[in-house]
1. Give the Rg (one decimal place) followed by the Dmax (whole number) of the chain, computed from C-alpha coordinates and expressed in Å.
2. Between the DSSP loop rule and a limit of at most 16 other Cβ atoms within 10 Å, which GluC sites (Glu not before Pro) in the chain are left?
3. What is the extension gain from ARG71 to THR7, computed as 0.36 nm multiplied by their sequence separation minus the C-alpha to C-alpha distance, in nm to one decimal?
4. How big is the gap, in Å, between the Cα center of the range 26-49 and the Cα center of the range 53-72?
5. Less than 18 Å apart at the alpha-carbon level, and either on another chain or at least 8 residues along: which aspartates and glutamates does that give for LYS3?
6. For the chain, what is the accessible area per residue in Å², given a 1.4 Å probe and the full set of protein chains?
7. Checking the cross-link filter: which lysines have an alpha carbon closer than 26 Å to that of LYS32, excluding same-chain neighbours under 8 positions apart?
8. Roughly speaking, what is the stretch gain from ALA29 to GLU14, that is 0.36 nm per residue apart minus the C-alpha to C-alpha distance, in nm to one decimal?
Amino acid sequence: GLKNLVTKHIRMEEIKGESFDFVVSRAVAPLKDLWHWSKHLIIKDRKIPEFKNGMIFLKGGDLAAEISDSRLRPHIWDIATIYEEPWFSEKYILYVPA
């Protein structure tokens, strides 16, 4: 029932001529590559007072080297603090403001 939301099951490099408040993805590449591929898709004007437009990714594992290599400063939420199932162990949501 959400009327202000668009979902696309598509590779980022296939999106042409569109921009979005947020890019949300299951992270399938290193953070620096995801940033490079998607930063041009993000509208710079802030629509939500609490958050700047940006990228939200689901990532797993030890992210220290990947975050350092990206030179980004994502906000990180540990999903295991919300869900008890073992699958969520070492899974994180990363938010990178544009």
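The values are calculated or read from the model by the stated rules, or taken from the named source; none is laboratory data. A quick note: this is a predicted structure, and the numbers were derived from the prediction, not measured. So basically every Cβ, Gly included, is an ideal-geometry build from the backbone, and we count neighbours across all protein chains shown. Side chains included, ligands, DNA and RNA excluded: accessible areas come from the protein's heavy atoms. Shrake-Rupley method; radii C 1.70, N 1.55, O 1.52, S 1.80 Å.
1. Expressed in Å, the Cα Rg and Dmax of the chain come to 14.0, 41.
2. GLU18, GLU50, GLU84, GLU90
3. Between ARG71 and THR7, full extension yields 20.2 nm more.
4. Result: 11 Å between the Cα centres.
5. Partners found: GLU18, ASP21.
6. 75
7. LYS8, LYS16, LYS44, LYS47, LYS52, LYS59, LYS91
8. Additional length available on full extension: 3.8 nm.
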